[in-house]
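> What follows is a single structure, and I will ask about it in a moment.
Values in this text are rule-based calculations from the coordinates and carry no lab data. Quick caveat: nothing in here was measured; it's all calculated off a predicted structure. Methodologically, a virtual Cβ is constructed for each residue, glycine included, from the backbone with ideal geometry; neighbour enumeration extends over all protein chains shown.
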């Protein structure tokens, strides 16, 4: 029993470190970029960690990420209400998203298979819209701008990071090697084409602010 608790604590501490470091880097980059915010990838990393796990298995990751979110947002000099609501928004997004994905995905295929990927795009849009709506309750001014910034950066982070991490995990774990199944290779190519198209769409124009 002690070893189980120690393993859970280790997973929580590791997630806290990764989430806090990622949050700090993104928030710092946004503050230094004169209004050009970076892609928000912290929630995507947490989602990657909890997808496919039971609530009990995922709980240490959520607790570690929640603590890290509170710390990172407080370090960014947000007021208490903003810190709390941003953390609730982040954790709600990942919890609802992972629960929805588990029930809507085709379990016979990888999450990054085309059919599942299309479902993931829609789910990601829905949960980031929800989390943005929760987050803006913690700010007093510029709620429309905060909502749009949160939604776009968070949604793009989920779309770019989660499928890519899943592909890398499966590739390096030896699961469904491309040389053994050409369909897997086509799926991976499709994912990276979507990543490239998303990046070009966002960063290849100068009419709108990058957010």
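> Taking just the alpha carbons, could you work out the radius of gyration and Dmax for the chain, both in angstroms?
17.6, 58
> Using the basic label-point model (7 angstrom from Cα toward the beta carbon), what is the residue 129 to residue 195 distance in nanometres?
Result for the modelled spin labels: 2.7 nm.
> Starting with the highest mean, order 196-204, 132-140 by the number of other Cβ atoms within 10 Å, averaged over the residues of each peptide.
Sorting 196-204, 132-140 by mean packing, highest first, produces 132-140, 196-204.
> To the nearest 0.05, what FRET efficiency results for residue 55 and residue 2 with a Förster distance of 22 Å applied to their C-beta separation?
0.50
> Can you give me the Kirkwood hydrodynamic radius for segment 39-161, using every pair of distinct Cα atoms, in Å to one decimal?
One over the average 1/r among Cα pairs gives 14.7 Å for segment 39-161.
> May I pose another question? So, by mean Cβ neighbours within 10 angstrom, what's the order for 162-170, 63-71 with the highest one leading?
63-71, 162-170
> Once you have the Cα-Cα distance between residue 92 and residue 17, take 0.36 nm times their residue separation minus that, and quote the gain in nm to one decimal.
Residue separation times 0.36 nm, minus the Cα-Cα distance, leaves 25.0 nm.
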